[in-house]
1. Could you work out how far apart the two model spin labels at residue 371 and residue 457 are, taking each label as a point 7 Å from the Cα in the direction of the beta carbon, and quote it in nm?
2. Would you mind calculating the gained length between residue 272 and residue 64 on full extension (0.36 nm times residue separation, minus the Cα-Cα distance), in nm to one decimal?
3. For q values of 0.17, 0.19, 0.23 Å⁻¹, compute log₁₀ I(q)/I(0) with the Debye formula on a Cα-only model of the range 13-88, without solvent.
4. Can you tell me how much longer the chain between residue 442 and residue 78 gets when fully stretched, taken as 0.36 nm per residue apart minus their C-alpha distance, in nm with one decimal?
5. Give the span of the range 1-133's Cα atoms along each principal axis, as three whole-Å numbers ordered largest to smallest.
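Coordinate-derived values only; no laboratory data. Values in this document were obtained by computation on a predicted structure and should not be read as measured data. Note that we place each Cβ from the backbone using ideal geometry, even for glycine, and neighbour counts take in every protein chain shown.
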Amino acid sequence: MPRSIATRLFLSYLAVVVVGLAVAAVTISGLILRYENDQTRVHLEELSAPFLTAIQTGVRAGQQPREIVDALAEQANAAEARLLIVNAQRRVVIDSEGRLAGTILPAPAAANIGEFTEGTEQWIFVRQQLRQAAAGGVGLGFIVVARPRAVFTDTLRALLPSLALSGLIALGFAVVVAALLSRTITKPLRELVGGVRRFAGGDYGTRVPLAGPSEVAEMGTAFNEMAGEIQRARGSEQAFLADISHELRTPLTSIQGFAQAIVEGEARGDAVSHVAEIIHRESRRLVRMVEGLLQVARLESGGAQSMAREDVAPARLLESAVAALEVQAKDAGVTFDVVGTDGLPTLRGDPDKLAQLFLNVLDNAVKHSPRGTTVHIRGTRDNGAIVVRVRDAGSGLPQGAQTRLFQRFYRGENAQRDGAGLGLAIAQAIAQAHGGSIRASNVEGGGAEFAVRLPLAKAT
């Protein structure tokens, strides 16, 4: 069996054409034979009519049937026919060629037309009844006009060369059409293979044209979508590596520089404490950054499967987050306004992770709220989920930042410089691990709103 799709398609088309030609040849042959038989019957009936009239006229005139048949023999030979007279028992009484006298002819198959064999030669005949008055009481029953079958198949034999030539021409066209069709169908596949090889070679911008049959075009669409996702993933990976290199370099540079100052004796006396404090602060920043990255990586790689699954009251989570940020909010001159959280139904998830989610969102709101403003927290129930909205009174989100701010290391223009830029990324990962999401938007009058949506616990 050929392994090439093009070859298989070519052979399949060719096989269909060959079978079609064979069926057509058989059908045409059958139709021609049927047509020839019908024409033969009509021709023999037309030929027998004048012979029947001549015999009946001669008998009335007192001629002997033998004399009449002999007189008509030359006319019958000219028409490549044979004239016979048979009795009611189908026995041949007179034969124009004198060879079948006394022979019993087979009964006609239908419509007074039949066949008989003489030696190796096949004959077709038509039988018509003689009137008794014309027979003159001699016991004659029917006149039979017969012609050799070979005469009737001459037309078919004459047509066979033309039919064969037509079949060969049709087969030649079929070969060309099959080759073109197989090549047309497999061309998109070859282009797809070429695109896959270029993509595997590192050309991640490769896309294949969407052409050919719907199945092939659908395969090309799937490849283009896959290539786009891989290209975006690689772009995100490269951006992440660039970001993490930049973020880690800053504290490491500070630690290295101040440590070198201590080692080389440039920092002495009270300056050593100050330098040590900076090293300690930057090292803690590094630890928070690494722990945050590990946490996001675990959540995004399926770590949600190992999280605890407990019934949790959203009101208690928000109460704990507000209490944890009370000192920080007081120092920033920010207050909290919590409404509608006491009546929220129970969630099911990891209480520690959910607490961290709300803590990160509220912490972000406090950091972006001017002194003397309020962070509003509203809880509602919506179609099998709870929605907690946290609104600050800051400068709002920059244009295009609604999705970027959930990326790792993203920090807005008014963000604190000592932050790692991982708080909202961790919160989004925790929400998604619980089947929820976080959406950010600007609100009228200034400020930004973060809507945390989490599914309710299913009843057991």
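1. With each label point 7 Å from Cα toward Cβ, the separation is 4.4 nm.
2. On the way: separation 208, 0.36 × 208 = 74.88 nm, distance 15.63 nm.
Between residue 272 and residue 64, full extension yields 59.2 nm more.
3. Result of the Debye calculation: -0.74, -0.84, -1.03.
4. Values: separation 364, 0.36 × 364 = 131.04 nm, distance 10.99 nm.
Answer, rounded to one decimal: 120.0 nm.
5. 85, 26, 25
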